[in-house]
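Student: Attaching a single structure in structure tokens format; questions to follow.
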Amino acid sequence: MIGLPELTGELVIKSIDFVHSLGIASHLTEFSPIPGTSVFNQLGFNDTIDPCLHNNITFPALNESMRKEMKKVKTYLSKLRLISNHLSSCDVKD
């Protein structure tokens, strides 16, 4: 999952690498805070905030560093998939 307040992009990339080393394809899920949860309150949201501001499309836009981290991880995963797809298409089958 990407976008959790306590997870850095580096930790997400390490998780992607681990999953990839097992031969499993990674898929990212984007975090969005849910009203009434401790994380929602921890991030400074309250019950009066417009719900559109805490969905997974708008939420990262509120924090530029988070947006940059998310883009970095998505780009990394895209490149990893391209390399994996290229290598698997080059496999010689008997």
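The values are calculated or read from the model by the stated rules, or taken from the named source; none is laboratory data. Keep in mind that what you see is a predicted model, and the values were worked out from it rather than measured. Cβ placement follows ideal geometry from the backbone for every residue including glycine, while neighbour counts extend to all protein chains displayed.
Student: Would you mind stating whether LYS93 is at pLDDT 70 or above, within 27 Å of ALA25 (Cα to Cα) and out of contact with any Phe, Trp or Tyr (no Cβ under 9 Å at 6 or more places or on another chain)?
Tutor: The answer is no for LYS93.
Student: Same structure, new question: Could you please find all residues in region 23-43 being in a helix (DSSP H, G or I) and among the hydrophobic types (A, V, I, L, M, F, W, C)?
Tutor: Selection gives VAL39, PHE40.
Student: Checking ALA61 against (1) over 10 Å from the mean Cα position of the chain (by Cα); (2) at pLDDT 90 or above, which single condition isn't satisfied?
Tutor: (2)
Student: In addition: What are the residues in region 31-49 that are surrounded by 10 or more Cβ atoms within 10 Å (Cβ to Cβ) and hydroxyl-bearing (Ser, Thr, Tyr), if any?
Tutor: Once the filter is applied, which keeps residues that are surrounded by 10 or more Cβ atoms within 10 Å (Cβ to Cβ) and hydroxyl-bearing (Ser, Thr, Tyr), region 31-49 yields SER32, THR37.
Student: Select from region 1-22 the residues that are in a loop (DSSP other than H, G, I, E, B) and at pLDDT 90 or above and list them in ascending order.
Tutor: LEU22, the sole residue that qualifies.
Student: May I pose another question? Out of (1) more than 30 Å from ASN85 (Cα to Cα); (2) surrounded by 10 or more Cβ atoms within 10 Å (Cβ to Cβ), what's the single condition that is false for PHE18?
Tutor: Of (1) more than 30 Å from ASN85 (Cα to Cα); (2) surrounded by 10 or more Cβ atoms within 10 Å (Cβ to Cβ), only one is false for PHE18: (1).
Student: Another question, then. Regarding LEU28, is this residue surrounded by 12 or more Cβ atoms within 10 Å (Cβ to Cβ), in contact with a Ser or Thr (Cβ under 9 Å, 6 or more places away or on another chain) and within 16 Å of LYS72 (Cβ to Cβ)?
Tutor: No.
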